[in-house]
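Note sheet for the following structure.
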Amino acid sequence: MKRKESFLLQNVGGENLLVPIGAQVMDTSGIITLNETAAFLWEQLEADRSEEELAAALAGGFEVDEASAAADVETFIAELRENGLLA
Amino acid sequence: MNPDRISRFFSIAGMQIELQAPSDCPGLLLEDRTDPFSGKPPRPAAAVTVDWRESAAPLRAEGELVYDPGAIWRMFRGEGFWCAELSYADDTGAVGKDGVRSLLYANDTWDRLTLKERRIDPGWHGLFSLGAGELAVRASIVPTGGLLLHASAVDDNGRGVLFSGRSGAGKSTQLGFWSGRPGVVTMTDDRAAVRCSPEGGASGYGTPWGGLPGTSRDHSAPLAAIVMLEQAPENRIERLSPAAAAAALACRAFLPYWDRSLMQRAFANLETLVRTVPVHLLRCRPEPSVVDLVRSVL
């Protein structure tokens, strides 16, 4: 899976702000804030990634065990899907 | 300058905006709200030209639709230009909700604009004094290091204070509490501009697009604080972290959602702003004593 292209993630004042750019603004509502791991996963999704690959990247990038990483990825992906943020 | 055309200059948020129109056409007929902003700023942060053109034919936007906020305007992208379509009716009701009033064309840096309009009847006035001008300033201020915010603003004896928050949070009410006090100048009740200086610090400005005509003026002050408003049963003020301030202000800024590179610049401006100007959260009752509470943190 991949993220939609039509978003901008930018750290502003220490907060990760995710905003829709262009036509997608019509389908989404406003500005989303992402915590550090969510921003990390969003960046990973610039390329096509499976949930397993994302969990492995998360476990490697942060001090979390694989089971927790897999659970975090599952939750995050479900939220992305629910909000229409996946390509 | 073509002798068949005349210019009127405005000073808005420290920018010089030149509105050019044919001399034989009242293309500069504007609402009174722009009158206090007539003239040229002493040291312009930018020079923006708006070339007013009359259209006899119905207006139709050019390019591909790229942003539709579900409001009175939509943004289209053409080959090397932006085209904003403004559709709302004026007081005459001469144009239905779906009728196109104006087309605002812009280059990528939003300093060379063309405003195409159709005169409808004697009650007609140009939308530079309303949505078209506001959109032009909202975009053209970004490359100068600024932002347009949903906020009221006062100059309290040389200390600029912005009050921002969702509709109904008390922005106009605050203005009423501050108005008339010694050394206080009200700048706007609804649309404030800000600009960070490369030398440090930031300034706040009134703009013509307040909720009520007559409450805004071309005035600026060094920003001492930005206050996010929330109604609450008890009065309390606390300083927000830059991260919390960024999240709060991003929702109250009029951002260029149609253009990725302009958005990146707008966020860079917001980053500088929240690291330069203290941002506070004021939970309060609607009572004049909150003026002293705000002054206690300036």
With a/c under 1.5 counting as rounded, go ahead and sort region B:134-176 into rounded, prolate or oblate using the C-alpha gyration tensor (a ≥ b ≥ c being the square roots of the eigenvalues; past the cut-off, prolate if a/b is larger than b/c, else oblate). oblate
Top positive-direction residue, dipole computed over chain B with Cβ charges, set B:Leu298, B:Gln16, B:Gly183: B:Leu298
Would you mind giving the average projected area, over all directions, of the Cα convex hull of region B:2-81 in nm² with one decimal? 7.6
Partner shielding of B:240-248, as the mean number of partner chain Cβ atoms within 10 Å, equals 5
Across region B:110-116, in residue order, what do the Karplus-derived ³J(HN,Hα) couplings come to in whole Hz, using 6.51 cos²θ - 1.76 cosθ + 1.60 with θ = phi - 60° and x for Gly and Pro? 6, 10, 10, 10, 10, 10, 9
The size of the Cβ-based charge dipole (Lys, Arg +1; Asp, Glu -1) of chain B about the Cα centre, to the nearest 20 debye, is 660
Suppose every Lys and Arg Cβ carries +1 and every Asp and Glu Cβ carries -1, with no other charges. What dipole size does region A:44-87 come out with about its Cα centre, to the nearest 20 debye? 140
Can you tell me the dipole magnitude for the protein assembly as shown around its Cα centre, using point charges on the Cβ only (Lys, Arg +1; Asp, Glu -1), in Debye to the nearest 20? 1440
Please work out how much accessible surface A:Phe62 shows to a 1.4 Å probe, ignoring ligands, DNA and RNA, in Å² rounded to 10. 50
At 1.306 mPa s and 10 °C, Stokes D of region B:5-140 from Kirkwood alpha-carbon radius, µm² per second: 105
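If you count the DSSP beta bridges with both ends in the protein assembly as shown, what percent of them are antiparallel, to the nearest 5?
Just about 75 percent of them are antiparallel.
Once you compute Rg and the Kirkwood Rh from C-alpha atoms, what is the Rg to Rh ratio for chain A? Before the final figure, lay out the partial values.
Values: Rg = 12.8 Å, Rh = 13.2 Å.
Radius of gyration relative to Kirkwood radius: 0.96.
Tell me the net charge near B:Glu271. Cut-off is 12 Å between Cβ atoms, B:Glu271 excluded, with +1 for each Lys or Arg and -1 for each Asp or Glu. Present the calculation step by step, with values, prior to reporting the outcome.
On the way: positive: B:Arg265, B:Arg275; negative: A:Glu15.
Neighbour charge sum, excluding B:Glu271 itself: +1.
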Let me know the mean shielding of A:2-12 by other chains, meaning the per-residue number of their Cβ atoms within 10 Å of its Cβ. 4
Which distance in nm do the two modelled labels at A:Glu79 and B:Arg295 give, with both placed 7 Å along the Cα-to-Cβ direction? 4.4
Counting only protein heavy atoms, what percent of the accessible surface of region A:7-82 is carbon or sulfur at a 1.4 Å probe? 44
Kindly report, to the nearest 10 Å², the accessible surface of B:Tyr205 as traced by a 1.4 Å probe over protein heavy atoms only. 30
Please report the antiparallel percentage of DSSP beta bridges with both residues in region B:146-295, rounded to the nearest 5. 70
Please list B:Asp259, B:Asp24 in order of solvent-accessible area, largest first, computed with a 1.4 Å probe with all protein chains present. B:Asp24, B:Asp259
Descending Cα extents along the principal axes, region B:146-295, whole Å: 42, 31, 29
Per 10 Å bin from zero, what fraction in whole % of the C-alpha pairs of the protein assembly as shown is there, up to the bin with the longest pair? 5, 22, 28, 24, 15, 5, 1, 0
Can you give me the P(r) profile for chain B? Cα pairs, bins 10 angstrom wide beginning at 0, each as a whole percent. 6, 28, 34, 22, 9, 1, 0
Using a 1.4 Å probe on the protein chains only, how many percent of the accessible area of region B:155-298 belongs to carbon and sulfur? 50
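The values are calculated or read from the model by the stated rules, or taken from the named source; none is laboratory data. These numbers were taken from a predicted model, which means no experiment stands behind them. Don't worry about glycine lacking a Cβ; one is built from the backbone with ideal geometry, like all the others, and counts go over all protein chains shown. Areas reflect the complete protein model, heavy atoms only, side chains present, ligands, DNA and RNA absent. Shrake-Rupley method; radii C 1.70, N 1.55, O 1.52, S 1.80 Å.
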